[in-house]
Amino acid sequence: MKSTSVLRRCATAAAFFVLYFLLGVSTSWATIRYEVSLAHPENHLFHVTIQVPDVSTEVKLQMPAWNALYQIRDFSSHVQQVEAFVGAQRVPIEKVDKQTWRIAATGTVRIQYAAYWDEPGPFATQLNNEHAFINFAMLLMYVVDRQQEKVNLAIMDFPREWRAEGALLEGCKMVFDQPACPESASGYDAIVDAPIEAGKFEEFDLPDVSPRISVVIHGDNWKKKQVEEELTKICLYEIRLMGGAPFEHYTFIFHVGKAAAGGGGGMEHANSTAISAPSGEYLTGVSAHEFFHLWNVKRIRPASLEPVDYAKEQYTRALWFAEGVTSTYGSYTLVRSGIWSKQQFYGDLSGGITELEARPANRWQSAEQSSLDAWLEKYPLYDEPEYSVSYYTKGQVLGFLLDVLIRDRTNDEKSLDDVLRAMNEEFAKEGKHYRDSLDIRLVLEKVAGGSFEEFFQKHVSGTVPLPYEQVLGFAGLQLNLSQHKRAALGFVAEREANAVLVVRGVEEGSAAAKAGLRPGDVIVKWNGGDPPRRLERWQREQSVGSLLRLSVRREEREFKLEFHLGELMETYFQVEENPQAGVKARRLREGLLHGETQAAAPH
């Protein structure tokens, strides 16, 4: 029986369900208790109750300022009607700052509030008539200095026709008035790293994959056979690559088609991932990346990200590795499992190099600085080519170059695969965290048997141009330049602090200008959905002449306009096989494409 049976419809006349999650070694009075009501989902309001025991003089609670994205998003802005009680007696509550509340009381204190959420996507939380998707950090306050204490979570007033899935549900049973979940020694951090999907959805387990992997899909525009086959290939390859799975049960939560509401992307969690995509065919690439996060960042984790501080920015210089090299392995997984052809793999690498070299900021922003500046990504100006490079893109290219160098230095007996496995053994399995780029380099040097200090100084912490041609040559590859046409918007837009997308400039003579778009226009809808989070990325995925339909608000009037995307010329870097490559280079190239070395392959 699948675990979603824990929320199967009961044959009683009761109108609502109660679902309990026990994340603690006992249900004693010393456990912090959370209750979340889903009553009247059409109002988009979660009603939260927190019971905090053992309060001696006062208790302080905070709503996280960030989660999922490296952005301060101030979830407290969604909170209303905060009240506190001891027994039936209301007690005074003081708001200290934008996200902190203090209650002077003793004994067991009960806090109540409501939070409004109706935002789609894996980085948000949503409650409506169709479903609930909950990232708990956006909903639940934590007790300051008591985040590690045992907690108990109950979801109340659960619509009887709904089901739910997520890592928190593992082994739970659905009851009316008694908790029935397995015991663990987890606290607040475990709750906020385990989103749930509730509502009406389709689900299945991947066949012939062990440990168990479940797939939950809310939405349309997807084909089960394709999703099942490709996810199976991805998971089997990555589990084999890393020498086994670090979980007992894993869950993919997908929002597809209309349920994605025009957005896209994925968010990794300890034993699950949440992914949104416009159609099923876009799930594969994101899934390969997010599933590899099981190891790289969730368990192979930089010390600069621990312990998690939800109250303010948490800076790290290692995102080029945690995210960028994870993208390297997303691409490796797709080509090595047979989902991609080698030409698709070369095309993906070519696109990364092209993107880097097209951004003037690549000449002054290093991979480490890009990682450190991740907190600036919510500002549209920062995303412009003159102001930043992506640690995803730069890290992915660096990962590939490092892999080639390791293979070349060791006569193809070792690879970047060995580095990831070594970090898994030395850090993840030992419960240790690595020191940003330093420990990455030290492990890499141990595997390769030589120094990489100069490479890291020049290309990881520095901005010396990447040695594409030399390193690609070691793998029997070459870099060719060509001119390509690509789609042009014909206007510039940026998001304001309230997330509204505003047109800042319109290119004279462009199709956008001829259609009537003007500076100052607010873009409400983009091809029928929400405007894309990263316009440049969306633009690169379009073809010249593609139709763009906008709903625009100007002053007090809202209207629609449409136009075809224009074109601009771009220098494109194309990775291709060198027909004159020597025996060693060809062997190394095949090793890259198939995940093999001259040493024994992992089992």
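The values are calculated or read from the model by the stated rules, or taken from the named source; none is laboratory data. Note that the coordinates shown come from a computational prediction; the quantities given were computed from them, not determined experimentally. Neighbour counts are summed over all protein chains in view; Cβ atoms, including those assigned to glycine, are modelled from backbone coordinates with ideal geometry.
Miscellaneous remarks
- Restricting attention to segment 297-350 and to residues that are in contact with a His (Cβ under 7 Å, 6 or more places away or on another chain) and in a loop (DSSP other than H, G, I, E, B), the residue that is farthest from H433 (Cα to Cα) turns out to be E306.
- Residues of segment 91-122 that turn out to be assigned to a loop (DSSP other than H, G, I, E, B) and under 30 Å from G219 (Cβ atoms), as a count: 5
- Qualifying positions in segment 230-269 - under 23 Å from V308 (Cβ atoms), hydroxyl-bearing (S, T, Y) and either outside any strand (DSSP E or B) or touching a Lys or Arg at 6+ places or on another chain (Cβ under 8 Å) (or both): Y250
- Wholly within segment 413-460, helices (runs of 4 or more DSSP H) carrying at least 3 residues that are at pLDDT below 95: none
- Against the test of being in contact (Cβ under 8 Å) with a residue 60 or more places away in the chain and of a type in the set (G, A, S), the options G591, G509, G545 yield a single qualifying residue, G591.
- When segment 487-499 is filtered for residues that are in contact with a strand residue (DSSP E or B) (Cβ under 7 Å, 6 or more places away or on another chain) and either under 13 Å from L548 (Cα atoms) or exposed (fewer than 14 other Cβ atoms within 10 Å of the Cβ) (or both), the ones remaining, listed by number, are A487, A488, G490, F491, E496.
- In the set (1) touching a helix residue (DSSP H, G or I) at 6+ places or on another chain (Cβ under 8 Å); (2) in a helix (DSSP H, G or I), T273 fails one condition alone, (2).
- The residues on offer are L517, L479, and the sole one that is in contact with a helix residue (DSSP H, G or I) (Cβ under 8 Å, 6 or more places away or on another chain), of a type in the set (A, V, I, L, M, F, W, C) and either not in a loop (DSSP other than H, G, I, E, B) or not assigned by TED's automatic domain parsing to the domain that holds F400 (or both) is L479.
- Residue match in segment 264-285 (condition: closer than 17 Å to D205 by Cα, buried (at least 19 other Cβ atoms within 10 Å of the Cβ) and more than 17 Å from the chain's Cα centre (by Cα)): yes
- If you check E228, E238, E165 for being modelled with pLDDT of 95 or more, within 20 Å of I275 (Cα to Cα) and touching a strand residue (DSSP E or B) at 6+ places or on another chain (Cβ under 8 Å), only one passes: E228.
A quick yes/no check of all residues on (1) hydroxyl-bearing (S, T, Y); (2) under 30 Å from A124 (Cα atoms); (3) touching a Pro at 6+ places or on another chain (Cβ under 7 Å); (4) surrounded by 16 or more Cβ atoms within 10 Å (Cβ to Cβ):
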site: L547; (1), (2), (3), (4): no, yes, no, no
site: L550; (1), (2), (3), (4): no, yes, no, yes
site: E555; (1), (2), (3), (4): no, yes, no, no
site: E576; (1), (2), (3), (4): no, no, no, no
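Residue-wise test of (1) assigned by TED's automatic domain parsing to the domain that holds G265; (2) surrounded by 20 or more Cβ atoms within 10 Å (Cβ to Cβ); (3) over 24 Å from the mean Cα position of the chain (by Cα).
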{"site": "E357", "(1), (2), (3)": "no, no, yes"}
{"site": "A361", "(1), (2), (3)": "no, no, yes"}
{"site": "S366", "(1), (2), (3)": "no, yes, no"}
{"site": "V389", "(1), (2), (3)": "no, yes, no"}
{"site": "D403", "(1), (2), (3)": "no, yes, yes"}
{"site": "T410", "(1), (2), (3)": "no, no, yes"}
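- Residue tally, condition surrounded by 16 or more Cβ atoms within 10 Å (Cβ to Cβ) and more than 30 Å from Q314 (Cβ to Cβ), over segment 69-90: 1
- Scanning segment 530-545 for residues that are surrounded by 15 or more Cβ atoms within 10 Å (Cβ to Cβ) and among the hydrophobic types (A, V, I, L, M, F, W, C) yields L535, W538.
- So A198, is it farther than 25 Å from P307 by Cα, touching a Lys or Arg at 6+ places or on another chain (Cβ under 8 Å) and not in a helix (DSSP H, G or I): yes
- Within segment 26-74, tally of residues that are closer than 19 Å to A137 by Cβ and in a loop (DSSP other than H, G, I, E, B): 14
- A585 vs. criteria more than 33 Å from the chain's Cα centre (by Cα), outside any loop (DSSP other than H, G, I, E, B), of a type in the set (A, V, I, L, M, F, W, C) and modelled with pLDDT of 95 or more: yes
- In segment 221-228, the count of residues that are part of a helix (DSSP H, G or I), surrounded by 19 or more Cβ atoms within 10 Å (Cβ to Cβ) and touching a helix residue (DSSP H, G or I) at 6+ places or on another chain (Cβ under 7 Å) is one or more.
- The lone criterion from (1) more than 27 Å from A599 (Cα to Cα); (2) not assigned by TED's automatic domain parsing to the domain that holds R359 left unmet by D436 is number (2).
- Out of L565, L535, L517, L472, sole residue that is closer than 30 Å to E413 by Cβ and not acidic (D, E): L472
- The residue that is farthest from K514 (Cα to Cα), counting only those in segment 466-486 that are touching a Lys or Arg at 6+ places or on another chain (Cβ under 8 Å) and of a type outside the set (K, R), is F474.
- Looking across segment 447-460, the residues that are surrounded by 14 or more Cβ atoms within 10 Å (Cβ to Cβ) and farther than 14 Å from D408 by Cβ come down to F456, K458, H459, V460.
- Close pairs (9 angstrom Cβ cut-off, 6 or more residues apart or separate chains): over 15 Å from V52 (Cα atoms) in segment 98-124, hydroxyl-bearing (S, T, Y) and part of a loop (DSSP other than H, G, I, E, B) anywhere: Q99/Y310; A115/T125; W117/T125; D118/T125; E119/T125
- Residues of segment 459-506 that turn out to be closer than 18 Å to K525 by Cα, small (G, A, S) and in contact (Cβ under 8 Å) with a residue 60 or more places away in the chain, as a count: 2
- E562 of a type outside the set (V, I, T), touching a residue at least 40 places away in the same chain (Cβ under 8 Å) and in a strand (DSSP E or B): yes
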